[in-house]
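Notes for the one structure printed next.
The numbers here are math on the coordinates, done by the rules we state, and not lab data. The shown structure was predicted, so the numbers you read here are calculated from the model rather than taken from an experiment. Ideal geometry is used to build each Cβ from the backbone, glycine not excepted, and the neighbour counts take in all protein chains shown.
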Amino acid sequence: MTSLNAAATISADSVELQSNRTDTPRRPAARAAAVLAASALALGLAGAPVEARPAGAETSAPSCYVTGGGGLEICRDGAEAEGVLIAPAPCAFVRGVQILRLPRAEAPGPLQMIFQGQSPLPSRRRDEPCPERRATDSRDGGSLRTGRSPEALATTLPPSADRFWVDLPEERAARRGSSEPAPALEGIGPRDPIAVSGRDWAGEAYSYVFLLGQERVGGNTDQDEEPAGRRRGRRAERDEPAAQPADIRRRVQIAARTLDFQTFEIRTRTPDGYGLAWTPFVPGGRGTPPTPAPVADEAGKPIASACPAPAFETHGLSGSISIVDRTYHYVYTDVLPEDCGLAPEKRRTALYLRTAKDLSAAKVWSAARKLAGPLPPGSVVRVARAKGMQRWAVSYTCQRPANAPGGPVADICLQYTPDLNLDGIGALTLYADPVEAGRSPSYLGLRSGGDGSGRFDRSAHFWMTDAQGNLDTPAVYPGKAGFLTWLDRLAPSAAGRDASTLYGRPVYWATWTVRRIGAQ
């Protein structure tokens, strides 16, 4: 199947410097050009075209705001480039798109797209509805998908394929001819991929992809203390069903490595359970697929989220990895331990840092160090070295202030630190009080997406990086400071309105401009 992606771009006018943000548009876009790019989308990713929509008040994007300790300003007016990266097919989804510039320009191009898609579906009739439970079933973490792109098509998702996924119990049972699902495998269900180069300065050829799985941590049973046999007897007398343990899980980090982003080896346990091995993942292979081993810290403990939760309500460990001074910096959010007793949707988060020198080691990451918090529940934060500067760039989910154009709608915020001192990340004021509201004046003023009534969902954002995980931009936007991607689960899907908030929803892209204060 094929699809036409509407990659609407708008040329950027020069932006006059100012020191404070204003919510009044400086000038309307003087020139606007809509560019249509056709892309053949492989393996079920094709869908109907979706065009970037300049939505009413959204064209009044704010102008500039100061960051970087007062030395920089970020400018996005109504002429900043935006567009549609992909409009997936009705039963497909794309989220968390990282664009990685490979160190070698191999055909078809140097840009490697890494993202999470749906797990491969069994054969379906043409008129069969999408299996909606896959949008809500925690066992289906999805599939790691990759595709390669030339520079000229950086704003269009290239043809891609599933590289690493998990068979669901129902599908394994169907292959055996059984109508009963097999027990769910534990700790596998890859989501939220992060790709980064191995120790290329030491000659290592591998790249690594870190993903999130889940492991079961126990459940609740009957509250009384009588022996299990006596409880079973009493239930039988009353003809009561046995109480089922709650499906309580915790997120864990898992890892894969690759030489070409097409074939992957999964970090697993040796048969004796004590050592580590890299096991090839063979799509369609016979036997039990490899079960990933959780990545460990310097104390040998698994990298796991702080709080257990019902299966689909787990949070934590989403973030980014960048290399600075030959050190890997894994910056991520996790729930504050003191909030574990609250309902999952009310648990605040914090920003944490772990570092590493060698991703192939048995014990990869350092102990966690808290950088900032508390942050609102469900916050997603990405951190990388800024393009062309010795500073950290920090992007994060946020809401615009109530007095901003369009009101307090979802946006993506961005700030820079004064230098590469890691304490500068924690010194940033990411959110205004009250923090739980998630509002910030440092919003980009994104225009694309939405449901047409002024509601937006800018989630699962990522950006383009070099091979070492630091900010980069496509050659077609050399003067820009960054290239952002995000999913809008409220935007119309390829099949129109449907119950799922994920399938068929478009993924958008945008650029931003950063200038030094006083620069000519």
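Just a few scattered comments:
- Unit Cα scatterers, Debye sum, the stretch 347-463: log10 I(q)/I(0) for q = 0.11, 0.18, 0.21 Å⁻¹: -0.42, -0.98, -1.22
- Protection proxy ranking for 303-312, 199-208, 455-464, using the average of other Cβ atoms within 10 Å per residue and placing the highest first: 455-464, 303-312, 199-208.
- If you bin all the Cα-Cα distances of the stretch 413-520 at 10 Å, starting from zero, the percentages per bin are 12, 33, 36, 17, 3, 0.
- Sequence-distant residues sharing a close amide H with G147 (under 5 Å, placed H): M113
- In a reduced charge model with +1 at each Lys and Arg Cβ and -1 at each Asp and Glu Cβ, the stretch 267-373 shows a dipole moment near 160 debye about its Cα centre.
- Cα-Cα P(r), the stretch 275-389, percent of pairs per 5 Å interval: 2, 11, 17, 18, 16, 15, 11, 7, 2, 0
- Cross-link partners of K480 among lysines (Cα-Cα below 18 Å; sequence separation of 8 or more within a chain): K387
- For the stretch 394-469, the spherically averaged projection of the C-alpha convex hull amounts to 6.3 nm².
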